[in-house]
Amino acid sequence: MKNISRKILVLSGKGGVGKSTIAANLAVWLSMRGNKVGLLDVDIHGPSIPKLLGLEQGTIQGTDDRMMPVIYDKMLRVMSIGFMLDDENKAIIWRGPMKHNIINHFVSDVAWGELDYLVVDCPPGTGDEPLSIAQLIHGIDGAVIVTTPQQVALLDVKKCVTFCRKLSLPVLGVIENMAGFICPHCGQTTEIFAGIDGTQIASQLNTTFLGSVPLEPYLVLMCDLGKPLISSDVPSPAKKAMETAFEALMKNLGIPKINMEAKSKMKIAMPVTNGKLSLHFGHCEQFAVVDIGADKRINKTEMLTPPAHEPGVLPKWLSEMGVNLIIAGGMGQRAQQLFVQNGINVMTGAPDNDPQQVAADYLAGRLQCGDNVCDH
């Protein structure tokens, strides 16, 4: 945790308010703006993050003492108990001590590397899981509370605020979700939940109101498809509302306003042998380092001779050049761990094609990766 700059909890007093949707979109929004982000799902009994990010097939790999988070895209790493289940219909029937132990593993035994933000998606309520997180993670910057515009929700939000204040956790603000249904045909908004709204809830609890996110069919569709709405190019009132709420959250954290049009730049490194991507990482002759512009176009490609392959040398060398993604045919788990610790994501199983073609396929979303061919 000492390598993580800011830690944000996402809480809700009751279930079904869209807390995981907000947490997933917040994490993706932060990563899209060039931040190294971790998303920790500690909802033991109902992990939703793998589904919301399209990572249902994700599996946890690692060494005897470290687990590797599942890579979502470029700058975002994810951990959830959902990655450990061999059957998605399997129910986890655990008492408090078991849940505390697994959360402790997620906090202390995951190779998060250096992160700008860790977003923690907590289960609803104020029970074992949020309490464990509050006790195990030191230096939490605060909690975002997600609610819906109902009188019954106010009662649960009050409990959340009391929970935070008893544990000396700053309340960063309230996000009102499902704030009216937007008809896809006429564009009119219908208030589904008649009652108190988010501004009133925040005012009564003497905390910041971050914003209201409406309910729209496109948002529901994107959740079911495992594609965060915040990364969609389709104009969406819900997406715009999330961006406004997240900007307000950053202001509460003391972060300067982020350019909403900013896109993270990146450098991709690929091991190369005989002009093709090398299937065996440790045997490469050169590295192709591809510089990607803000418009997601290839600016230039350099062919560089690496220093002698010794533990820890290549991760530091590539990190100092600004590389944030390695695409390889195969790489051992220990090497992957070292790269993640240096802030470089790793993608294995890539085909042995021309490195520029591999980079172009990755940027276009058509890169087909298979098994790690050199997992030792």
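The values are calculated or read from the model by the stated rules, or taken from the named source; none is laboratory data. All figures in this text were calculated on a predicted structure; none of them were measured in a lab. All Cβ positions, glycine included, derive from the backbone under ideal geometry; neighbour counts span all protein chains shown.
Checking residue 29 against (1) closer than 16 Å to residue 80 by Cα; (2) surrounded by 20 or more Cβ atoms within 10 Å (Cβ to Cβ); (3) out of contact with any strand residue (DSSP E or B) (no Cβ under 7 Å at 6 or more places or on another chain), which test does it fail?
Every condition holds for residue 29 apart from (1).
Kindly evaluate residue 171 against the criterion of being touching a residue at least 24 places away in the same chain (Cβ under 8 Å), buried (at least 18 other Cβ atoms within 10 Å of the Cβ), in the same structural domain as residue 79 (by TED's automatic domain parsing) and over 18 Å from residue 244 (Cβ atoms).
yes
If I go through the range 135-168 residue by residue, how many of them are small (Gly, Ala, Ser) and either crowded, with 19+ Cβ neighbours inside 10 Å or touching a Gly at 6+ places or on another chain (Cβ under 9 Å) (or both)?
3
Could you check the range 327-362 and list, in sequence order, the residues that are under 20 Å from residue 112 (Cβ atoms) and either modelled with pLDDT of 90 or more or assigned to a helix (DSSP H, G or I) (or both)?
Scanning the range 327-362 gives 333, 334, 335, 336, 337, 338, 339, 340, 341.
What are the residues in the range 319-376 that are touching a residue at least 40 places away in the same chain (Cβ under 8 Å) and small (Gly, Ala, Ser), if any?
Correct list: 322, 328, 329, 330, 332, 335, 343, 350, 359, 360.
Out of 111, 134, 91, I need the residue that is in the same structural domain as residue 28 (by TED's automatic domain parsing) and at pLDDT below 80. Which one?
None of the others qualify; the one that does is 91.
Can you say whether residue 35 is polar (S, T, N, Q), farther than 22 Å from residue 253 by Cα and outside the structural domain of residue 324 (by TED's automatic domain parsing), as far as the supplied structure shows?
Here the answer is no, as residue 35 does not meet what is asked.
Checking residue 307 against (1) more than 21 Å from residue 73 (Cβ to Cβ); (2) touching a strand residue (DSSP E or B) at 6+ places or on another chain (Cβ under 7 Å); (3) of a type outside the set (Asp, Glu), which single condition isn't satisfied?
For residue 307, the failing item is (2).
Run down 111, 143 and say which single residue is small (Gly, Ala, Ser) and within 29 Å of residue 339 (Cα to Cα).
111
For the range 219-273, how many residues are at pLDDT below 80 and either touching a His at 6+ places or on another chain (Cβ under 8 Å) or among the polar types (S, T, N, Q) (or both)?
Selection size over the range 219-273: 2.
Can you run down the residue pairs with Cβ atoms below 6 Å, 6 or more apart or on separate chains, where the first is in the range 79-104 and closer than 17 Å to residue 128 by Cβ and the partner is surrounded by fewer than 14 Cβ atoms within 10 Å (Cβ to Cβ)?
92/45
Just to be sure I understand, how many residues within the range 178-225 are assigned to a loop (DSSP other than H, G, I, E, B), surrounded by fewer than 19 Cβ atoms within 10 Å (Cβ to Cβ) and of a type in the set (Ser, Thr, Tyr)?
Within the range 178-225, residues that are assigned to a loop (DSSP other than H, G, I, E, B), surrounded by fewer than 19 Cβ atoms within 10 Å (Cβ to Cβ) and of a type in the set (Ser, Thr, Tyr) number 1.
Which of the following residues is modelled with pLDDT of 90 or more, touching a strand residue (DSSP E or B) at 6+ places or on another chain (Cβ under 6 Å) and more than 22 Å from residue 342 (Cα to Cα): 76, 11?
One residue alone meets the criteria, 11.
Go through the range 59-82 and count every residue that is within 30 Å of residue 250 (Cα to Cα) and not aliphatic (A, V, I, L, M).
Total meeting the criteria: 7.
Take the range 295-314 and flag every residue that is in contact (Cβ under 8 Å) with a residue 12 or more places away in the chain and in contact with an Asp or Glu (Cβ under 9 Å, 6 or more places away or on another chain).
Passing the criteria: 298, 301, 302, 305, 306.
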